[in-house]
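Notes for the one structure printed next.
The values are calculated or read from the model by the stated rules, or taken from the named source; none is laboratory data. Quick caveat: nothing in here was measured; it's all calculated off a predicted structure. Here the Cβ positions follow ideal geometry from the backbone for every residue, glycine too, while neighbour counts run over all protein chains shown.
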Amino acid sequence: MAKTAAEMGFPVVLKIVSPQASHKTEVGGVALNLGDEASVVAAAEEMAARLKAVDPVAEVEGFLVQEMVSGTEVIIGVREDPQFGPFMVVGLGGILVEAMRDVSFRMLPVSDVDAREMLNELRGKAILGAFRGSAPRDIDALVKAICGLSEIFARHRNHLADLEVNPLIVGAEGEGVRAVDVRPVWR
């Protein structure tokens, strides 16, 4: 994994891969801005030790190395409701979704117009614009991602019960979006 990080180029993010760590941040399973091979190895050892301290029989399947990206975190997710059918959630992402519960919902399929309305409904929508000296976020790319996830789920909902991207990092205008963590729940 250290070699992979070096080939990718520093800084990198390291994440633990374990069935017992679906919420990686809760078990200390994410390390950001790792700048060299030694820090990647040290972070992996620390993560494994923290997970084992929480759950001594936890299985560490490995580690995921990702490029370090910056931007605004959002959540996009789709799920099947037994009564109403498939729906989408869009909101402020990362841990903010749980702390602020600033989200918008729509039934599938979600169109370009629906996606823009969902973003406009967020109380924290100002951070997606030019805010406190930061450039406006790439709303067009975010809208494409929202609509794309809607289409993917509609096509594969016989196999998927839930599909969540959190966080989805939204770069500045023209920089696009990057899925940092994707969690599928299979039927």
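Quick one: which residue in Glu98, Glu45 is within 18 Å of Val27 (Cβ to Cβ) and not assigned by TED's automatic domain parsing to the domain that holds Pro19? Answer to the selection: Glu98.
All of (1) under 19 Å from Pro167 (Cβ atoms); (2) more than 20 Å from the chain's Cα centre (by Cα) hold for Pro11 with one exception: (2). Take the range 143-169 and flag every residue that is over 13 Å from the mean Cα position of the chain (by Cα) and part of a strand (DSSP E or B). Residues satisfying the conditions are Leu160, Ala161, Asp162. When we screen Val165, Val113, Val143, Val89 for residues that are modelled with pLDDT of 95 or more and over 24 Å from Val69 (Cβ atoms), the only hit is Val113. Considering the range 81-99 alone, what residues qualify as being touching a residue at least 40 places away in the same chain (Cβ under 8 Å) and buried (at least 17 other Cβ atoms within 10 Å of the Cβ)? Pro86, Met88, Val90, Gly93, Gly94, Val97, listed by residue number. Looking at Lys144, is it of a type outside the set (Ser, Thr, Tyr), free of Cβ contacts under 8 Å to residues at least 60 places away in the same chain and within 20 Å of Arg101 (Cβ to Cβ)? No: the conditions fail for Lys144.
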